[in-house]
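Quick notes on the structure that follows.
The values are calculated or read from the model by the stated rules, or taken from the named source; none is laboratory data. All values derive from a computational prediction rather than experimental measurement. Reconstructed Cβ throughout: ideal geometry from the backbone, glycine too, with neighbour counts over all protein chains shown. Please note that ligands, DNA and RNA were not included when accessible areas were found on the heavy atoms of the full protein model with its side chains. Shrake-Rupley method; radii C 1.70, N 1.55, O 1.52, S 1.80 Å.
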Amino acid sequence: MLKNDRWITEQAAAGMLEPFQKGLIRHLNPEQKLAPVLSFGCSSYGYDLRLSPQEFLIFKHVPGTVMNPKRFNPGNLEPTELHHDDDGDYFILPAHSYGLGVALEKMKVPPNITVICLGKSTYARLGIIVNTTPAEASWEGHLTLEFSNSSGADCRIYANEGICQLLFFEGDPCDTTYSDRQGKYQHQPERVTLAKV
């Protein structure tokens, strides 16, 4: 079953999402509809997660190397700076490139829930693809988020604003949770967590 806003709000009060924004925020000044943002917070059947300003890394080509998920080379990544103007804080993801960021909110997934992370339509219309990422039963930490810029233009990726949507699915209780099996991506900090075996 896909969980609704009432359930998400109740679970957030018990520590599932922190910090938690009840209701969807579209403007920092909603009364006067000023300072528009890419929406974040609780929606009808999901939660729009924010991108942390802490870190954003972009893949670069290192001549003579081949990316290997079993022996990941951090030298294939370079940090990008956080920019700021009247529109907000943002990173720049170059055309035809791939980047890694991290969620601002910390998550503690209940033991009978799996969370799916999907891209937001506003970014999708610019050619930005957010990789579909699961967070399994009893996973906790800050999600590392993966972005592909499939367009021929550089694109701003806004920090402290909505970046993807979480969908919460309830299942029958499982025998072994992610925490039980001591999954390798458990307890990720608010920094990018690299590929590991």
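Quick grid of which residues meet (1) under 13 Å from residue 58 (Cβ atoms); (2) open to solvent by less than 50 Å² (accessible area, probe 1.4 Å):
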position: 78; (1), (2): yes, no
position: 87; (1), (2): no, no
position: 94; (1), (2): yes, yes
position: 110; (1), (2): no, yes
position: 130; (1), (2): no, yes
position: 141; (1), (2): no, yes
position: 146; (1), (2): yes, yes
position: 151; (1), (2): no, yes
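Can you tell me which residues in the range 28-43 are touching an Asp or Glu at 6+ places or on another chain (Cβ under 9 Å) and open to solvent by 70 Å² or more (accessible area, probe 1.4 Å)?
Correct list: 36 only.
Inspect all residues belonging to the range 68-89 and state whether any of them is of a type in the set (Gly, Ala, Ser), part of a loop (DSSP other than H, G, I, E, B) and in contact (Cβ under 8 Å) with a residue 12 or more places away in the chain. If you could, list the steps in order and put the result at the bottom.
Start the filter on the range 68-89 by keeping residues that are of a type in the set (Gly, Ala, Ser), which leaves 75, 88.
Among the residues that remain, those that are also part of a loop (DSSP other than H, G, I, E, B) are: none.
No, because not a single residue in the range 68-89 is of a type in the set (Gly, Ala, Ser), part of a loop (DSSP other than H, G, I, E, B) and in contact (Cβ under 8 Å) with a residue 12 or more places away in the chain.
Would you check if there is a residue in the range 170-181 being of a type in the set (Lys, Arg) and either buried (at least 16 other Cβ atoms within 10 Å of the Cβ) or at pLDDT 95 or above (or both)?
Residues of the range 170-181 of a type in the set (Lys, Arg): 181.
Narrowing the set further to residues that are either buried (at least 16 other Cβ atoms within 10 Å of the Cβ) or at pLDDT 95 or above (or both) leaves none.
Looking for residues that are of a type in the set (Lys, Arg) and either buried (at least 16 other Cβ atoms within 10 Å of the Cβ) or at pLDDT 95 or above (or both), one finds none in the range 170-181, hence no.
Give 158, 123 a once-over and let me know the one that is open to solvent by 20 Å² or more (accessible area, probe 1.4 Å) and of a type in the set (Phe, Trp, Tyr). Before you say what the answer is, go through the steps one by one.
Numbers: 123 fails: open to solvent by 20 Å² or more (accessible area, probe 1.4 Å).
Exactly one residue qualifies, and that residue is 158.
Looking at 25, 8, 58, which is the one that is over 22 Å from residue 148 (Cβ atoms), open to solvent by less than 20 Å² (accessible area, probe 1.4 Å), outside any loop (DSSP other than H, G, I, E, B) and hydrophobic (A, V, I, L, M, F, W, C)? Quick ask: steps written out before the conclusion?
Details: 25 fails: open to solvent by less than 20 Å² (accessible area, probe 1.4 Å); 58 fails: over 22 Å from residue 148 (Cβ atoms).
8 is the lone residue from the list that is over 22 Å from residue 148 (Cβ atoms), open to solvent by less than 20 Å² (accessible area, probe 1.4 Å), outside any loop (DSSP other than H, G, I, E, B) and hydrophobic (A, V, I, L, M, F, W, C).
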